[in-house]
Amino acid sequence: MSQRNSNRNVQSYRPRRLSVSGGVDLLKHPTYCLAFSKFRSNTLIGINDFCANLRLANSFRHLPGAIVECGTWKGGMIAGLAWLFGPKRSYYLFDSYEGLPPPSEIDGERARRWQTEKNAPNYNDNCRASIEDARNVMQRAGIRDAKIVKGWFEDTLPKASIEDGISILRMDADWYDSTMCILENLFDQVVPGGCVIIDDYYCWDGCCRAVHDFLTRNNRLERINMYNDRVPFFVKRPES
Ligand SMILES: C[S@@+](CC[C@H](N)C(=O)[O-])C[C@H]1O[C@@H](n2cnc3c(N)ncnc32)[C@H](O)[C@@H]1O
């Protein structure tokens, strides 16, 4: 195939009007900044990444389907998305609401050390949050019927059936097993052209490995992109 044709194929599964590389100063965007100020106390995500998540997600607005976050903590990030997208969509929040499980061997020494250093400023009680925090913040975002599913992913995700499919899947669960479990159970429910955000792709080795292992094992050709130098994601290709 000529270079020209192969380029055209690449474009066909990139979202329209989306500049993948960096450079946009999202702190000048009043809507995204307002969302951050509303929900900042319920998220561990800083303002730059928060606004970049919103803008990236917004470029998939034309797609039908639910917005799903696996690994919500107190729910501030998905509340920001819900506030932006409004109550006509479905929102699903999956979390143990008991904090992170122990990392596995494959997550590496750094992950194990993180979980033992309980006085470190970013420990946050092992990312423990209550389901009430998540419920309250979704109500503040104007969503009365968010589906908030408490439990370990291995128990909850195999039973998850997302009506209308998933337009945006936010994975924010740090470890290999958690990320793999999300992909094994929810990837098939992402609509073609849908967006999968991989919050921890650069942060935790286990997350990165799980994404690569999953894509390879399933013979998938999705490419990992970086939105505005801040948000790793891929776009689900239509089946070939
Ligand atoms: C870094 S926090 C999520 C941060 C959040 N998205 C925000 O906006 O700040 C990771 C979350 O993943 C959840 N988690 C990780 N692995 C899990 C699993 N296997 N089952 C259920 N919850 C899990 C933890 O309980 C924790 O709340």
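Before moving on, here are some points about what is shown:
- Filter pass, S12 being surrounded by fewer than 17 Cβ atoms within 10 Å (Cβ to Cβ), out of contact with any helix residue (DSSP H, G or I) (no Cβ under 7 Å at 6 or more places or on another chain) and at pLDDT below 95: yes
- Highlighted here are the strands (runs of 3 or more DSSP E) found entirely within segment 127-240 that include at least 2 residues which are β-branched (V, I, T): 147-150, 166-171, 190-198, 231-235.
- Test for I78: is it under 19 Å from the mean Cα position of the chain (by Cα), under 17 Å from A134 (Cα atoms) and more than 10 Å from the ligand (Cβ to nearest atom): no
- Residue in segment 119-132 that is within 13 Å of the ligand (Cβ to nearest atom), within 21 Å of F60 (Cβ to Cβ) and touching a strand residue (DSSP E or B) at 6+ places or on another chain (Cβ under 8 Å) present: no
- Of all residues in segment 87-116 being away from the ligand (no atom under 16 Å from the Cβ) and part of a loop (DSSP other than H, G, I, E, B), the one that is surrounded by the fewest Cβ atoms within 10 Å (Cβ to Cβ): K88
- In a residue-by-residue description of segment 135-150, the property of being closer than 19 Å to T179 by Cβ and of a type in the set (S, T, N, Q) applies to no position.
- When I162, I198 are checked against the criterion of being buried (at least 16 other Cβ atoms within 10 Å of the Cβ), more than 13 Å from the chain's Cα centre (by Cα) and more than 11 Å from the ligand (Cβ to nearest atom), a single residue qualifies: I162.
- Failed criterion for S41 (all others in (1) away from the ligand (no atom under 14 Å from the Cβ); (2) closer than 23 Å to R230 by Cα; (3) hydroxyl-bearing (S, T, Y) hold): (1)
- Pairs, first touching a residue at least 24 places away in the same chain (Cβ under 8 Å) in segment 151-179, second among the acidic types (D, E) and more than 9 Å from the ligand (Cβ to nearest atom), C-beta under 6 Å, six or more apart: W175/D107; Y176/D107
- When R220 is tested against (1) surrounded by fewer than 21 Cβ atoms within 10 Å (Cβ to Cβ); (2) closer than 15 Å to V68 by Cα, exactly one condition is not met: (2).
- Some residue of segment 146-159 being over 14 Å from T43 (Cα atoms), of a type in the set (S, T, Y) and either touching a strand residue (DSSP E or B) at 6+ places or on another chain (Cβ under 9 Å) or within 11 Å of the ligand (Cβ to nearest atom) (or both): yes
- Count of segment 53-75 residues which are over 20 Å from V137 (Cα atoms) and within 15 Å of the ligand (Cβ to nearest atom): 1
- Restricting segment 171-182 to residues that are near the ligand (Cβ under 7 Å from one of its atoms) and crowded, with 24+ Cβ neighbours inside 10 Å, the residue that is nearest to the chain's Cα centre (by Cα): D172
- Among the residues of segment 91-144, those that are without any contact (Cβ under 8 Å) to a residue 40 or more places away in the chain and of a type in the set (D, E) comprise E98, E105, E109, E117, D125, E132.
The values are calculated or read from the model by the stated rules, or taken from the named source; none is laboratory data. Being a predicted model, the structure only gives us computed values, none of them experimental. A quick note on method: Cβ atoms are made from the backbone with ideal geometry, for glycine too, and the neighbour counts reach across all protein chains shown.
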